[in-house]
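To start, the structure under review is shown below, and the notes come after it.
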Amino acid sequence: MFKNHPKGLVVLSLANMGERFGYYTMLAIFVLFIQAKFGYNSAETSSIFAVFLAFVYFLPLLGGIVADRFLGYGKTIILGVVIMFGGYLLLAVPTGVNTTGKIMMFGALSLIAIGTGFFKGNLQALLGNMYDDPKYSSKRDLAYSIFYMCINIGAFFAPSAAEAITNYFLGKSGLTYNAAIPSLAHQYADGTITGEGLANFTKYAEQQIAGSSANLTEFGNMYIDKLSESYNYGFAVACFSLVISLLIFIIFRKTYKKADVTARQQKAADEAAGTKTLETLSPAETKERIIALCLVFAVVIFFWMAFHQNGLTLTFFARDYTVDKVSGFDRFSFGLPTMLMVIVGFYGLISMFTSSEKKNKLIGGLVFILAAVGGYFFYNGMPEILSITPQRFQQFNPFFIIILTPLSVGLFSLLSKKGKEPSAPRKIGYGMLIAALGFVVMSVGSVGLPTPNEVEAAGAYNAVTPNLLIGTYFTLTIAELFLSPMGLSFVSKVAPPQYKGMMQGGWLAATAVGNYAVAIIGYLWGGMQLWLLWGILVVLCIIAAGFIFSIMKRLEKVAK
């Protein structure tokens, strides 16, 4: 897959993978943490989550300006990692449920957002610089697809890591995870618990520790403290992954060193040498490219508003509506070893059918057989009834990215050979339509379900098959592959040379606006029927798709 690409692609992909593993480990448990620890309701949680995500994706615009005008890409990226490390370290420190605890939590989020702003967009700009070389320019879309897949390899392991750590430290206290307990404990403490909720709270307390129902206040405080502490350990994982990411980036710098040059630095070098290597655009051409990029940015706002419900309302749905135990073949999808065997076996099959060398075909076949045997072995070793936590559902999007990326790359390569490959803007439009279909799945599957307010009063509903969310994540992943890596490639290709870092930041700033808009659906989470809630996202995605198709000629003109 990395054949005929610059070596720097591997290094930048691995550096990004390490950082994203830590980030998605944190994100998998973040909303669960703040609701359990501080008792925030869904509207408050939605605001915090949306503002945080907005800054995480808006600040790369500032990070791009800093790199373009002052530090350069490499130094800005390293500074970002150091700042992020401080943020994750603060989150890993246990605190009380008081003002100091909240200040530390919000301070940590601020550092993570600032650090990500310096890191993320500039790493993408650095990657794009390597493909300005005519030798590699035709492989730009493929490079961003590979880069994007590596992001999701890190994200795939994150939910399982978060779940394993939280379950381990809860177990050390003699407790097991129950999603309903924190909310009921807060309701009991503030006197808003219903009769049905009190009965459930009493039952859950007895299930955790015999005799604990005699003092529900003490039990509730103890459970929240231990659960919050287990989340702190989960946040600490990000610190270790950042160290690994930084070491990879620094040690193998020579593989991307030639691309670590901003337009300002290249111009100064050209003037000193009396040469001219930098592409020159007229003011009119620069303006037209920036306008085209801004139009694309406006469209992707709606995609990210819909897509990043995975960390908010779709997590609420997993916690409150989806069964918390699975049996039979459903267990296969919730075991990390079994899912790994699927990935390994799948890539073995790809080697069998695509390799031109007989030796590689045989190796691929052997890998597939071993993976199948391994999958059967791990599946048989699972307990007959497997408990699942809400964060585990967040593994499905990166899992599908890893599986589907080679298929999408193969499809677009085949279409390219036939001269029928859609342009990057057209792929983005198709992605919006597919995203709408994903929420059609949720809308249909939610018909007849009680409202979130009704579920909260009772403690939990937990009656919906996990396959509803899995199917939704599958559809949204296809949409993401049409939109996100293609968008990154489009920005890299179209951005005026002097604004490369800033335009990559602009793409992420548009993502930030979409992430902030995520909260709109969170605010509606309560009394509204769920099928109607998801229907809002369906309509928004269709409108956005219609807009991008209406300006398609203009976008395709600047992309030539």
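The values are calculated or read from the model by the stated rules, or taken from the named source; none is laboratory data. Note that this is a predicted model, so its numbers are computed, not measured. FYI the Cβ positions are ideal-geometry reconstructions off the backbone, even for glycines, and counts take in every protein chain you see.
For the residues 518, 539, 455, the requirement of being in a helix (DSSP H, G or I), under 24 Å from residue 318 (Cβ atoms) and in contact with an Asp or Glu (Cβ under 9 Å, 6 or more places away or on another chain) singles out 455.
Taking first residues from the range 301-327 that are within 13 Å of residue 521 (Cα to Cα) and partners that are part of a loop (DSSP other than H, G, I, E, B), the Cβ contacts under 6 Å between residues at least 6 apart in sequence or on separate chains come to 313/525. For the range 365-384, the set of residues classified as within 29 Å of the chain's Cα centre (by Cα), under 26 Å from residue 469 (Cβ atoms) and not small (Gly, Ala, Ser) consists of 378, 379, 382, listed by residue number.
Once the range 401-443 is narrowed to residues that are charged (D, E, K, R) and not in a helix (DSSP H, G or I), the residue that is farthest from the chain's Cα centre (by Cα) is 418.
Do the conditions hold for residue 144, that is, is it assigned to a loop (DSSP other than H, G, I, E, B) and closer than 30 Å to residue 340 by Cβ?
no
Screening the range 191-204 for residues that are in contact (Cβ under 8 Å) with a residue 24 or more places away in the chain and within 35 Å of the chain's Cα centre (by Cα) and picking the one that is farthest from residue 177 (Cα to Cα) gives 197.
Among the residues of the range 521-541, is any of a type outside the set (A, V, I, L, M) and over 29 Å from residue 180 (Cβ atoms)?
Of all residues in the range 521-541, those of a type outside the set (A, V, I, L, M) come to 522-523, 525-527, 529, 531, 534-535, 541.
Then drop every residue that is not over 29 Å from residue 180 (Cβ atoms), which leaves 541.
Yes, the conditions are met somewhere in the range 521-541.
Take residue 113 and tell me if it is closer than 27 Å to residue 401 by Cα and in a helix (DSSP H, G or I). Criteria met by residue 113. Per the listing 72, 101, 64, the residue uniquely within 25 Å of residue 162 (Cα to Cα) and either among the charged types (D, E, K, R) or in contact (Cβ under 8 Å) with a residue 24 or more places away in the chain (or both) is 101. Of the residues making up the range 457-506, those that are surrounded by fewer than 24 Cβ atoms within 10 Å (Cβ to Cβ), of a type outside the set (Ser, Thr, Tyr) and at pLDDT below 80 are 457, 458, 460, 462, 497, 498. Looking only at residues in the range 181-210 that are among the β-branched types (Val, Ile, Thr) and in a helix (DSSP H, G or I), the one that is nearest to residue 223 (Cα to Cα) is 181.
Which ones in the range 25-74 are over 30 Å from residue 526 (Cα atoms) and surrounded by 20 or more Cβ atoms within 10 Å (Cβ to Cβ)? Selection gives 59, 60, 61, 63, 64, 66, 67, 68, 73, 74. Does residue 359 satisfy being under 30 Å from residue 498 (Cα atoms), among the basic types (Lys, Arg) and either part of a helix (DSSP H, G or I) or at pLDDT 90 or above (or both)? No. Applying the set (1) buried (at least 21 other Cβ atoms within 10 Å of the Cβ); (2) modelled with pLDDT under 85; (3) farther than 21 Å from residue 522 by Cβ to residue 97 leaves exactly one unmet item: (1). Taken over the range 368-384, the residue count meeting the criterion of being outside any loop (DSSP other than H, G, I, E, B) and not hydrophobic (A, V, I, L, M, F, W, C) is 5.
Quick check: is even one residue across the range 375-390 of a type in the set (Asp, Glu) and at pLDDT below 85? Within the range 375-390, none of the residues are of a type in the set (Asp, Glu) and at pLDDT below 85.
On the basis of being without any contact (Cβ under 8 Å) to a residue 40 or more places away in the chain and not assigned by TED's automatic domain parsing to the domain that holds residue 355, does residue 407 make the cut? So residue 407 passes the test.
Within this structure, residue 298 fails the test of being crowded, with 18+ Cβ neighbours inside 10 Å, small (Gly, Ala, Ser), at negative phi and assigned to a helix (DSSP H, G or I).
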